[in-house]
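Participant: Quick one: the structure is below, and I'll ask about it shortly.
The values are calculated or read from the model by the stated rules, or taken from the named source; none is laboratory data. What you are looking at is a predicted structure, and each value in this text was computed from that prediction instead of being measured. Cβ placement follows ideal geometry from the backbone for every residue including glycine, while neighbour counts extend to all protein chains displayed.
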Amino acid sequence: MKKSTYIILAVVAIILLYGLVIYNGLVGASVGIDGQWAQVEAQYQRRLDLIPNLVASVQGIFKQEQTIFTALADARAHYAGAANVNQKAAAATEVESALGRLLVVVENYPQLKSSDTVQTLMSQLEGTENRISIERKRFNEMVASYNLKTKRFPSSLVASLFGFGSRAYFEAAKGAENAPAVKF
């Protein structure tokens, strides 16, 4: 064999190895995103587990806010039935909205605010909301990094060749930036 044949084979081998490294990086990033979304869901589940306890505590003290309790139950059911990240994000926003209305009720009624059970559950929910915020931020950072890999050359070639497309960011539903209004 000629020297030029060896050079061509070496260049092809280097290109194939580089493509393999890119492919493995994309697979790792994709799996990382899935794992991070599982962390977000774990925090959502923690929130969903705390809500019935808070509702039961508030209901025991204050029964006339049935619409808020119904909205919370419906939002939890929507989350449980959601099939993908976007549906779960929308359902989580419903939960946040209903929970926000419940928290306004608690703030407006001193007998609720003074209940040790309600205070403990509110504190746990606050901590959970902070965890959710952190996990969502991490998820979006991982999605941004992955999406950048799928768009930059030469990894974009490997990404398109093996079907690695852009991943969706977690985005709050429209209207989530508005505070809930509770009227009595």
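Participant: Can you find, within the stretch 92-120, the residue that is modelled with the lowest pLDDT among those that are closer than 16 Å to Leu50 by Cβ and either outside any helix (DSSP H, G or I) or small (Gly, Ala, Ser) (or both)?
Facilitator: Top of the filtered list is Ser115.
Participant: Being assigned to a helix (DSSP H, G or I) and at pLDDT below 85 narrows it down to one residue among Ala71, Ala29, Ala13; which is it?
Facilitator: Result of the check over Ala71, Ala29, Ala13: Ala71.
Participant: Taking the stretch 123-175, which residues are at pLDDT below 85, crowded, with 17+ Cβ neighbours inside 10 Å and among the aliphatic types (A, V, I, L, M)?
Facilitator: Passing the criteria: Leu125, Ile132.
Participant: Would you tally the residues in the stretch 8-39 being among the β-branched types (Val, Ile, Thr), surrounded by 13 or more Cβ atoms within 10 Å (Cβ to Cβ) and under 29 Å from Ala83 (Cβ atoms)?
Facilitator: Residues flagged as among the β-branched types (Val, Ile, Thr), surrounded by 13 or more Cβ atoms within 10 Å (Cβ to Cβ) and under 29 Å from Ala83 (Cβ atoms) within the stretch 8-39 amount to 1.
Participant: Name the pairs whose Cβ atoms lie under 6 Å apart, with the first residue in the stretch 92-110 and over 16 Å from Ser123 (Cα atoms), the second at pLDDT below 75, and 6 or more positions between them or separate chains?
Facilitator: These pairs meet every condition: Thr93/Ala172; Thr93/Ala173; Thr93/Ala176; Ser97/Pro180; Arg101/Ile68; Arg101/Pro180; Arg101/Val182.
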